[in-house]
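No lab work stands behind these numbers, since they all come straight from the coordinates. The structure displayed is predicted, hence computed values, not measured ones. Cβ: placed from backbone, ideal geometry, glycine included. Neighbour counts: every protein chain shown.
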Amino acid sequence: MTPFKICGLSTPETVDAAVAVGAAHLGFNYFAPSPRFVDPAASAALIARVPAGVGRVAVLVAPDEALVAAVIAAGITILQLHDVSPERLNELKSRHNMPVWLAAGVKTRADIRAAEKAAGPADLLLLDAKAPNDAPLPGGNGLAFDWQLLVDTRPGRPFGLAGGLGIGNVAEAIRRVAPALVDVASGVEESAGVKSVEKIRAFANAVRSA
């Protein structure tokens, strides 16, 4: 089965549900403008519910060192970085000696190649739909990009697929693209930032059906 990540968790019930259905990774969003935002200190109690062996991923947008230190103190085991330079990614990976993912927006084949080059020492390249120019968030906008781009221009390194995935299309995405990971946020929500236990279960079943 393709590993999957449930991203933007903020309640004990949905954390427990994601663990129960076999999510490989749970994502916690530390970007304040996001409706999925959790405070680092408050997230520690949620992260403590996650068993060993399940990735605890911090979603970080151009983070300063104080924020990185705070999320690591809360129990995070993977840094998912948005809007950082290759030099900053390299610095964070070296300084904290932990897995680092680079999230990058895709609209064209050139975006895939640029993201692959920028990823450098990242452990995973997470490809999402490129945010519209007026979007307040770099990801998690519920938008998909053309997966045929990945069929035609496949990265030469492990990559995850995000952006517009949900119960109805994740199996097709896995069959067409064969990513190392699928990542869902808005696709298992009742409303912005409000996760559904039932949709989390249905998403896991859809991943298994692929």
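Things worth noting here:
- Mean residue ellipticity, 222 nm, helices only, the chain: the sum of -39500 (n - 2.57) across DSSP H runs of n ≥ 4, divided by residue count and rounded to 500, is -10000 deg cm²/dmol.
- Relative contact order (percent, whole number), the chain, Cα cutoff 8 Å, 6+ residue spacing: 21 percent
- Residue of Pro179, Pro63, Pro51 that the Gaussian network model of the chain assigns the largest fluctuation, springs spanning Cα pairs under 10 Å: Pro51
- Entries of Lys117/Lys195; Lys107/Lys199; Lys93/Lys130 with Cα pairs more than 30 Å apart: Lys117/Lys195
- Extension gain (nm, one decimal) between Ser191 and Lys107, 0.36 nm per residue minus Cα-Cα: 27.7 nm
- Taking a Cβ cut-off of under 12 Å around Trp101, the surrounding Lys, Arg, Asp and Glu residues balance to a net charge of 0, with basic ones at +1 and acidic ones at -1.
- Look at (1) 46; (2) 41; (3) 31: the one that is percent of Cα pairs over 25 Å apart derived from this structure is (3).
- At an R0 of 41 angstrom, the distance between the Cβ atoms of Ala41 and Ser85 translates into a FRET efficiency of 0.90.
- Chain lengthening between Asp146 and Ala73 when straightened (0.36 nm per residue, less Cα-Cα): 22.5 nm
- Each other residue within a Cβ distance under 11 Å of Ser10 adds +1 if Lys or Arg and -1 if Asp or Glu, for a net charge of -1.
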